[in-house]
There are 2 protein chains.
Amino acid sequence: MTFLIIFGGSSFEHEISIVSAITLKDKIKKHNLKFVFVDKNRDFYLIEKENMKSKFFSTGEYKNSIKLEITKGGFKYKKGLFKKEEAIDFDVAINLIHGRDGEDGKLPGMLEFFNIKAITPNIESCAISYNKVLTKAYAKLRGVEVIEYEIINKPKTKFDFPIIIKPARLGSSIGVSVVKNQDEFNYAFDVAREFDDLIIVEPFIEGVEEYNLAGCLADDWIFSKVEKVEKKEFLDFEKKYMDFSRKEINLNEVDKDLEERLKENFKKIYENEFENALIRCDFFLKDDIIYLNEINPIPGSLANYLFDDFEVVLEKLAKNLKKEKEIVIDYQYINKIQMAKGK
Amino acid sequence: MTFLIIFGGSSFEHEISIVSAITLKDKIKKHNLKFVFVDKNRDFYLIEKENMKSKFFSTGEYKNSIKLEITKGGFKYKKGLFKKEEAIDFDVAINLIHGRDGEDGKLPGMLEFFNIKAITPNIESCAISYNKVLTKAYAKLRGVEVIEYEIINKPKTKFDFPIIIKPARLGSSIGVSVVKNQDEFNYAFDVAREFDDLIIVEPFIEGVEEYNLAGCLADDWIFSKVEKVEKKEFLDFEKKYMDFSRKEINLNEVDKDLEERLKENFKKIYENEFENALIRCDFFLKDDIIYLNEINPIPGSLANYLFDDFEVVLEKLAKNLKKEKEIVIDYQYINKIQMAKGK
């Protein structure tokens, strides 16, 4: 199959997306790959595989690549003197834009509007996972526990320190701080406010264990291994980013019973909502209760490192993509009105 | 100002949107209007004002109009032999696509992606109002009461008859039925399932009063008059549609105190979520408690009939549109990695 990886975007996670796409280039060998870069101005470029290096983007060299337009069924460009329109040939697109544009529903909506087959969360599941307040409300609806929280308009909360403060609509820990006293709270509030107007706080729970599980529904359920995340207190954006390749992950020590319970919770979140997406759910475990921390509808490099055979997962998902419901428009109501009017 | 009204769409409410746009053509006189039709295949057409008649669309005549493409800042077409690209000139777009494409977040996302100024709900507020389950969860978060409900997978419910059954993701009462016994329930369930996989039931409450209130935040709050909706039991899609021009509405009998309470509830729903949209909230009143029934983020003809001076409302909203947050992308993380690698 030929996958078209769409990455970049007007997003705080623009650079993460570039690294994410470069990582996938090395991880996918059986399938053909093409790359579409969305630059910070939201222009589309076709990037040759050999140019998939971070410097190519940071230096602006990418601007010499073929410029694309999104259109029905895919992307096109104008060729030669006579500007003949040529389409990019591929089987399935992969939405790999992290944060805004990719995970807020913009690109998913465009892909659906233009009838482009893609591995991507849809608009509604983006809205649910992009806004942490909605994530919590949704998880409760599905019978999954979440950490309690408070929406704040100033650095003041009902919770005792330490607390964790988060902009409601960002991933990759951007703008997130753990705060131990009021001074830190004041500062962290201003930081969070730079990223979103909607800010939440949660109690920072000591001794919580974190488990990540990725997966999708492609005819049957496909689950990754469970990753037990070992952290020193809290990984901020930069640490997480520099550590993006995740060389050392802990995949061997998870209790079978816990694994089953994590999968049950994953299914509750995913079912009838995240179809067509390969997502990662990040769970907390405390006093034997599983809490959903967040839903990553487009995890970094699609969490390929968690799967035994990532390429098979991609292929299965690609072959089981659900189509949008067909709507018949036959103008029967307008015709009735016309008749009623005697026209 | 020149408004560009975008209507049609691949939606069960495609025809409603056409009627909605035609109605607005007659209601807006001070401002210039241009019209972009999204046909059932999601092709864009520029429709001349004199062609804004329902028959022009139902007969397919619209296909002779200029075909447009969406692009940065607006819409463009190819002119003449040399296919020179020309842009459509306008100040502010109005998203008037009811149902899918317009109210599910697709067009709103595209408008934001392409940096097109528009009166429209955004993606997140679309997701909230498009899915009735999310609407209810959201209203509760905002401290607004809603009618209790149950998600069902078969025609079976904990509620006593009569009940009301609804596909979760459609407006304009499409697929909605009031059901008085199990036979009707079985049939109505199948009808609802044609429109969505997610079905809810609510108790059908006799003697409930319905009040509609439209408005927006444009620097200051702007509210419409309150409409007390007089219904014979229940208006189904066809009745509502045939009655679309709403000649006889009841705007004079609403108690001042009730009006204030409706406005307070409207503000709770709208604030920090529905910016840039002119919405209509439909409330129920029963035993002196106000319930949110639904949020119409793009009401029919923008509920112009409820406002004293609709054109002033449009203009104020257009002049106070909030821009998307700017994101600076400066490649500092990639540059750091490059340095760390010694490249």
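For the stretch B:103-116, indicate whether the set of residues that are more than 10 Å from chain A (Cβ to nearest Cβ) and surrounded by fewer than 21 Cβ atoms within 10 Å (Cβ to Cβ) is non-empty.
No, the stretch B:103-116 contains no residue that is more than 10 Å from chain A (Cβ to nearest Cβ) and surrounded by fewer than 21 Cβ atoms within 10 Å (Cβ to Cβ).
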Does the stretch B:242-259 include one or more residues that are outside the structural domain of residue B:8 (by TED's automatic domain parsing), surrounded by 12 or more Cβ atoms within 10 Å (Cβ to Cβ) and at pLDDT 95 or above? yes
Boolean, residue B:84 is without any contact (Cβ under 8 Å) to a residue 12 or more places away in the chain, buried (at least 19 other Cβ atoms within 10 Å of the Cβ) and either within 14 Å of chain A (Cβ to nearest Cβ) or at positive phi (or both): no
Checking residue A:45 against (1) in contact (Cβ under 8 Å) with a residue 40 or more places away in the chain; (2) under 19 Å from residue A:95 (Cβ atoms), only one condition comes out false. Which one? (1)
Determine which member of the set A:268, A:263, A:325, A:316 is within 14 Å of chain B (Cβ to nearest Cβ), charged (D, E, K, R) and in a helix (DSSP H, G or I). A:268
Of the numbered conditions (1) within 27 Å of residue A:316 (Cα to Cα); (2) touching a helix residue (DSSP H, G or I) at 6+ places or on another chain (Cβ under 8 Å); (3) in contact (Cβ under 8 Å) with a residue 24 or more places away in the chain, residue A:108 fails exactly one; give the number of that condition. (3)
Restricting attention to helices (runs of 4 or more DSSP H) lying wholly within the stretch B:113-204, give those where 2 or more residues are closer than 20 Å to residue A:325 by Cα and acidic (Asp, Glu). none
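Quick one: which residue in B:35, B:90 is surrounded by 18 or more Cβ atoms within 10 Å (Cβ to Cβ), more than 12 Å from chain A (Cβ to nearest Cβ), aromatic (Phe, Trp, Tyr) and assigned to a strand (DSSP E or B)?
Among B:35, B:90, only B:35 is surrounded by 18 or more Cβ atoms within 10 Å (Cβ to Cβ), more than 12 Å from chain A (Cβ to nearest Cβ), aromatic (Phe, Trp, Tyr) and assigned to a strand (DSSP E or B).
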Leading residue by the ranking (nearest to residue A:298 (Cα to Cα)) among those in the stretch A:69-95 that are at pLDDT 95 or above and aliphatic (A, V, I, L, M): A:94
Complete set of residues in the stretch A:14-32 that are of a type outside the set (D, E, K, R) and away from chain B (no Cβ under 14 Å): A:24, A:28, A:31, A:32
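The values are calculated or read from the model by the stated rules, or taken from the named source; none is laboratory data. This structure is a prediction, so every number in the text was calculated from the model and none was measured. Every residue, glycine as well, gets a Cβ built from its backbone with ideal geometry; the counts of neighbours run over all protein chains shown.
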